[in-house]
Amino acid sequence: MDIFCDNAFAGKTIFVAGGSSGINLGIAMRFGAMGARVALISRSEDRIAAAAESVRGTGAEAVGIAADVRDYDAVASAFAQVAEKWGAIDTVVSGAAGNFLSPAIGLSANAFRTVIEIDLIGTFNVLRASWDHLRKPGASLISISAGQAKRAIPFQAHASAAKAGINNLTETLAMEWGPAGVRVNAISPGPIGDTEGMARLAPTDEETAAIKRRIPLRDYGTKRDIADAALFLASDNARYITGVTLEVDGGLLLGDASADALTLPERSR
Ligand code: NAP
Ligand code: COA
């Protein structure tokens with residue numbers, strides 16, 4: 001069952017940063033299938049052109065623009081081009097990210113800075129550059145966070161710090177931009193199958209199985225799960241929701257729900 005009717009987003013424009021693959025492309029495809037016009041940016045000219053082509057396959061209008069989120073002027077120019085073409089922008093998704101496993105002592109200053117620049121500064125650039133082109137009132141901004149922002153994971157000092165910054169930025173912008181009728185939220189995906197992120201963080205079947213054993217709902221999520229949360233946050237059904245980071249993670253952030261953890265100790269039986 002779909003809670004949204006066909007073409008629920010007809011006449012709306014969505015701008016997705018980091019939209020050439022994975023979760024963000026999944027969001028773009030879902031909004032396209034719901035009738036939205038879709039603009040995508042990422043670093044690679046070829047990858048973003050191919051992504052726009054796949055979104056057009058849903059029947060949507062789509063445009064792909066090469067822009068690095070670390071380059072404010074490039075991001076601002078992409079927004080200006082999209083607004084010129086389609087008018088005010090209704091939904092912005094800021095999901096460009098870079099990540100890899102490394103102990104903190106294996107990170108050079110440049111490695112740490114690179115991830116902060118893509119994830120956190122990139123998100124500021126995207127949200128800030130969107131401002132002049134947003135539908136006001138009515139726009140919905142959605143950043144893509146991660147569970148590491150709230151619960152530390154070894155070998156993720158760079159990504160955890162960046163995503164924690166995104167959560168806080170979400171709250172501050174929600175306060176500052178709420179009076180203009182702009183809602184600012186984030187989605188924190190749990191482990192999502194068939195993505196570059198999980199290929200990097202848990203590349204083996206054993207690691208995948210070990211993670212699934214700890215998740216209360218016992219499985220990885222799908223790109224569709226994240227896209228559906230984005231549809232909700234972008235819709236009028238979420239008109240009174242701002243400043244939240246919505247966990248879509250099968251309960252993983254609650255803690256270890258493995259069979260061992262849920263077994264009552266012998267002494268208490
Ligand atoms: P992905 O396919 O690698 O997506 C990352 C995207 O960001 C790509 O489209 C990449 O395209 C773009 N990108 C990277 N650096 C960029 C830059 N400097 N400027 C512009 N675009 C840039 O990875 P994913 O696993 O789907 O992750 C998508 C989002 O979900 C990320 O924010 C990630 O942190 C978050 N997340 C993922 C998971 C998971 O399970 N996969 C869990 C929690 C959170 P180009 O290479 O073409 O630039
Ligand atoms: N361990 C430790 N350091 C690493 C690393 C790793 N696995 N991978 C890269 N680095 C370091 C580099 O050595 C470099 O530091 P140095 O100059 O001191 O040597 C620094 O990070 C920047 O690397 P570079 O390759 O120049 O950056 P880039 O801007 O071209 O690429 C990355 C950014 C590193 C994040 C790259 O992995 C990327 O493009 N990722 C996008 C896709 C992705 O990560 N998807 C998952 C999203 S959750």
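The values are calculated or read from the model by the stated rules, or taken from the named source; none is laboratory data. Quantities reported herein were computed from a predicted structural model and do not represent experimental measurements. Glycine gets a Cβ as well: all are built from the backbone with ideal geometry, and neighbour counts include every protein chain shown. When the accessible area is computed, the model is the full protein with side chains, heavy atoms only, and any ligands, DNA or RNA have been set aside. Shrake-Rupley method; radii C 1.70, N 1.55, O 1.52, S 1.80 Å.
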(message) On the basis of being under 19 Å from V93 (Cβ atoms), of a type in the set (G, A, S), part of a helix (DSSP H, G or I) and touching a residue at least 60 places away in the same chain (Cβ under 8 Å), does A129 make the cut?
(response) no
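Based on this model, can you work out whether S188 counts as within 12 Å of ligand 1 (Cβ to nearest atom) and in a strand (DSSP E or B)? Show your work before the answer.
On the way: within 12 Å of ligand 1 (Cβ to nearest atom): yes; in a strand (DSSP E or B): yes.
So S188 passes the test.
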(request) Tell me, please, whether a residue that is more than 21 Å from R200 (Cβ to Cβ), without any contact (Cβ under 8 Å) to a residue 12 or more places away in the chain and in a helix (DSSP H, G or I) can be found in the range 133-141. (result) no
(request) Select from the range 72-105 the residues that are more than 16 Å from ligand 1 (Cβ to nearest atom) and surrounded by fewer than 18 Cβ atoms within 10 Å (Cβ to Cβ) and write down the one among them that is farthest from the chain's Cα centre (by Cα). (result) I105
(request) Mind telling me which of the residues S160, S108 ends up being among the hydroxyl-bearing types (S, T, Y), open to solvent by 40 Å² or more (accessible area, probe 1.4 Å), within 15 Å of ligand 2 (Cβ to nearest atom) and over 14 Å from the mean Cα position of the chain (by Cα)? (result) S108
(request) Just give me the residues in the range 57-66 being more than 14 Å from ligand 1 (Cβ to nearest atom) and part of a strand (DSSP E or B), in sequence order. (result) A62, V63
(message) Checking G197 against (1) small (G, A, S); (2) open to solvent by 30 Å² or more (accessible area, probe 1.4 Å); (3) without any contact (Cβ under 8 Å) to a residue 60 or more places away in the chain, only one condition comes out false. Which one?
(response) (3)
(request) Pull up the range 207-254, narrow it to residues that are open to solvent by 60 Å² or more (accessible area, probe 1.4 Å) and among the acidic types (D, E), then point me to the one that is farthest from R135 (Cα to Cα). (result) E207
(request) Taking the residues in the range 15-56 that are near ligand 1 (Cβ under 8 Å from one of its atoms) and open to solvent by 50 Å² or more (accessible area, probe 1.4 Å) as candidates, determine which candidate is nearest to W131 (Cα to Cα). (result) R43
